[in-house]
Amino acid sequence: MILLIAWRNVWRNPLRSMLVITAVALGLWAGAFVMGYSIGIINQRLQTAIEKEVSHFQIHHPKFSEDFDPALVIPQGGVKLGHLRSDSYVKAVSPRVIAVGMAASAKQSAAARVFGVMPAREQSVTGLQDKVVEGEYFNDKKNRIIIGRKLADKLNVKLRSKVVLTFQNKDKDIVAGAFRVIGIYETTNPGYDEMNLFVKALDLGELLQVPGQFHEIAGLLHDPELVEPFADVLKAKYKESLTETWREVSPELGLMVDSFNQYIYIFMIIILLALSFGIVNTMLMAVLERVREIGMLMAVGMNRRKLFAMIFFETIMLVMVAAPVGLLLAFSTISYFGTQGMDISGMYSGHESLGFETFIYPKLEGIYYLRIMILVIITAVLASIYPAVTALKLNPVEAIRKI
Amino acid sequence: MAVIETKNVHKTYNHAVVPVHAVVGVDLKIEKGEFTAIVGPSGSGKTTLLNMIGGLDKPTEGSVMVNNVDISSLSRNELIDFRLEHIGFVFQAYNLIPVLTARENVEFVMLLQKQSKEDRDSRVTALLEEVGLSDKTDKRPSELSGGQQQRVAVARALASKPDFVLADEPTANLDSKSAENLLDMMARLNQDEQMTFIFSTHDQRVIDKAKRVITLVDGRIDSDIVKE
């Protein structure tokens, strides 16, 4: 009967209840959609960063990253590469020769990081060929270079222009090589494009005097969830090398994901906090306009526990009508835009320059809806306390005095 | 045996600068089956006395015994349970639960008492028939006239099988015919079932029907007349 009364009380003032229900539903819709949107952005950024830049794991000489000494190649790199290629968990691996030095055109020069890659392998890991927006990918010819758009602009070079790369070789001698621009690539991260350029591993290996050896092996797994355990296995197996996951290679990426996850919950909690004031206000009005009735209920023998339960259930029901509506709306819009995508290129200038995609696919997994629902229930419970306590404080004698 | 006995009951309100003595030293005994009206001018203390007898308010001094239980010493929660089991209330403004039907309003108190469904069904049906509302069981209060609502309120007051029913100005909001019908019904219940009714009233019709009339003036019993 308490539940029945509570339910009917919800609809006693339909307009007021509908206003609160609408507010809660819209708030949840907005909150859940922004969560999905944010997760979509961050997932895409992460996916791009992992699949196109960092990869799931990387192997180096333990001291290579300290000052990129060309002599510090991966011990038995070729053997390791063979093992990884035949590992069923591994989707693709790309061995790289790396040099940090100077790239110079006839007019300008700039610091650059040069990756010597095996074209087909690099394509399978980072999809470098797909990022070439001008010119073509590597062919059989020697000393060809693929340069980022931003760096090309900076050096004022075009296709077929000559770029001279200067760096130290394995013996610490300064060496230089002339490369002809065969392609210009562009990623969503201009900072990356400005710094990194690609040549063939064979060409760079000869210049550095480390032919057939590598400074880096980057790999992708079939299942991204297995990165940590797989890296643990490699760490145990290749003790003389340094194996790192994407989180270890780019800790800022992991931090970004963790921070975003916290932000979206803080955002949702703020929305729910704002909504809770509306709920408290509505329920308080409902209680205060029923002083006589509540007094009568206590007079005829309704104890405080049941009275509290009545107000509590009334609040919960009010919110529970709204929550599925809001979450269903969120689910629908997230599903729609998750498939169709949202073009935000016109909304934010500079979004791309931060490495984020301009076409967003919002995504919100079931566990988030469940967590939102739990947060909503907690909000409803907390919002019911003040009106219920206010009701409990009423003196039943009021009911008779007001006659 | 007295159903209700008040001993030297005082009620003083200290809300104002000057204390208000609403009830002053009232000694009263009400036996089972009485049909008693407490009358008096406004501010004479009738409602305050009724509230204390009903366990809604506590005396500043003295004691209120209901079936030999000193209800003035019970805690707030104990009083709620006591009221549920022993006292029926009829209010001037009916005070039905607007979202429940007539049947549900009557049944509500029995649900609080955790009575079985069979007991509830049979008693609610019998009570609504007794008050002449068998055909209005599924109507909500807003669909009933004032007289009909007050009849539902009487049925609700009786549903818990109380020791007595307190009715504060039960006819004040009713037209003459409805008031007459209601009083006849209560008198019949008093006659047939020995149900004790105590009224606080100004209404001469109630006073005429009452078998005992207690007059309060300035919080004191001015007269206590038992009609022959």
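Summarising the label geometry, the points placed 7 Å from Cα in the beta-carbon direction at residue A:226 and residue B:2 lie 8.9 nm from one another.
As an exercise, use a Förster radius of 35 Å and the Cβ-Cβ distance of residue A:344 and residue A:162 to find the FRET efficiency, rounded to the nearest 0.05. According to the calculation, E is roughly 0.35. Bridges between two residues of the range A:62-240, per DSSP, are antiparallel at a rate of about 75%. Compared with the dominant Cα axis of chain B, that is its longest principal axis, helix B:76-86 is turned about 60°.
Over 30 Å between Cα atoms, which of A:80/A:150; A:52/A:80; A:172/A:239 qualify? Flagged as over cut-off: A:80/A:150. The H on the amide N of residue B:23, modeled in the peptide plane, is under 5 Å from the matching H of B:11, each at least 5 residues off or on a different chain. Phi angles of the range A:208-214 translate, via the Karplus equation with coefficients 6.51, -1.76, 1.60 and θ = phi - 60°, into HN-Hα couplings of 7, 6, 10, x, x, 10, 10 Hz per residue; Gly and Pro are given as x.
A cut-off of 5 Å between modelled amide H atoms, ignoring neighbours fewer than 5 places along the same chain, links residue A:185 with A:133, A:147, A:148, A:149.
Considering Cα pairs under 8 angstrom that are at least six residues apart, work out the relative contact order of chain B and quote it in whole percent. Numbers along the way, then the final one.
Numbers: 454 pairs, mean separation 66.8, N = 228.
The normalised contact order for chain B reaches 29 percent.
Using only alpha carbon pairs under 8 Å that are at least six residues apart, calculate the relative contact order of the range A:62-240 and give it in whole percent. Relative contact order of the range A:62-240: 32 percent.
Simple spin-label estimate for residue A:259 and residue A:66 gives 3.0 nm between the two label positions (7 Å along the Cα-to-Cβ direction from each Cα).
Within the same chain, aspartates and glutamates fewer than 8 places from residue B:46 are excluded, and of the rest, those with a Cα less than 16 Å from its Cα are A:398, B:5, B:27, B:57, B:168, B:169, B:203, B:218, B:222, B:224.
If you average the sequence gap of Cα pairs under 8 Å that are 6 or more apart and divide by the length of the range B:159-199, what percent do you get for the contact order?
Values: 25 pairs, mean separation 26.0, N = 41.
Over the range B:159-199, the number comes to 63 percent.
Report the FRET efficiency, 1/(1 + (r/R0)^6), for residue B:77 and residue B:175, where r is their Cβ-Cβ distance and R0 is 45 Å, rounded to 0.05.
0.70
Interface size, chains A and B: roughly 2700 Å² of accessible area buried, both sides included, 1.4 Å probe, rounded to the nearest 100. Charge tally for residue A:221 (other residues, Cβ to Cβ under 12 Å; Lys, Arg +1; Asp, Glu -1): -4. Couplings 3J(HN,Hα) of the range A:86-94, computed from phi: 8, 6, 5, 6, 8, 7, 7, 9, 9 Hz, in residue order, whole Hz [Karplus 6.51 cos²θ - 1.76 cosθ + 1.60, θ = phi - 60°; x for Gly and Pro]. Among the residues of B:91-103, the average count of other protein chain beta-carbon atoms within 10 Å of the residue beta-carbon is 5.
Of the listed peptides B:185-196, A:299-310, what is their order by residue-averaged count of other C-beta atoms within 10 Å, with the highest listed first? Write down the numbers at each step before the final one.
Working: B:185-196: 16.2, A:299-310: 19.9.
In decreasing order of mean packing, B:185-196, A:299-310 become A:299-310, B:185-196.
Quick one: helix B:176-193 against the long Cα principal axis of chain B, what's the angle to the nearest 10°, folded into 0 to 90? The angle comes out near 90 degrees. Taking each of A:393/B:7; A:63/A:131; B:7/B:227; A:306/B:7 in turn, the alpha-carbon distance tops 27 angstrom for A:393/B:7; A:63/A:131; A:306/B:7. In nanometres, what is the gap between the two model label sites at residue A:106 and residue A:389, each 7 Å from Cα along Cα-to-Cβ? It works out to 8.1 nm between the two label points. Helix B:146-159 and the longest principal axis of the Cα set of chain B meet at an angle near 80°.
Applying the Karplus relation 6.51 cos²θ - 1.76 cosθ + 1.60 with θ = phi - 60° to the range A:316-327 yields 3J(HN,Hα) values of 4, 5, 4, 6, 6, 6, 6, 4, x, 5, x, 6 Hz, where x marks Gly and Pro. Averaged over the residues of peptide B:155-164, the number of Cβ atoms from other protein chains lying within 10 Å of each residue's Cβ is 1. Near residue B:209: Cβ cut-off under 13 Å, other residues only, Lys/Arg at +1 and Asp/Glu at -1. The net charge is 0. Sites listed here are trypsin sites (Lys or Arg not before Pro) in the range A:142-185 whose DSSP assignment is loop and whose Cβ has at most 15 other Cβ atoms within 10 Å: A:142, A:158, A:160, A:172.
So if we plug the beta-carbon distance of residue B:113 and residue B:218 into 1/(1 + (r/R0)^6) with R0 = 35 Å, what FRET efficiency do we get, rounded to 0.05? Display every interim value, and only then the final one.
Numbers: r = 39 Å, r/R0 = 1.11.
Calculated value: 0.35.
Of the residues B:137, B:36, B:201, the one that moves most in a GNM of chain B with alpha-carbon contacts below 10 Å is B:137. Between amide H atoms placed 1.01 Å from N, distances below 5 Å from residue A:303 occur with no residue 5 or more places distant or on a separate chain. Measuring between their Cα centroids, the range A:280-320 and the range A:133-165 lie 75 Å from each other.
The values are calculated or read from the model by the stated rules, or taken from the named source; none is laboratory data. Every value quoted in this text rests on a predicted model; they were computed, and no experiment measured them. Note that we place each Cβ from the backbone using ideal geometry, even for glycine, and neighbour counts take in every protein chain shown. Just so you know, the surface numbers come from the protein's heavy atoms only, side chains and all, with ligands and any DNA or RNA stripped out. Shrake-Rupley method; radii C 1.70, N 1.55, O 1.52, S 1.80 Å.
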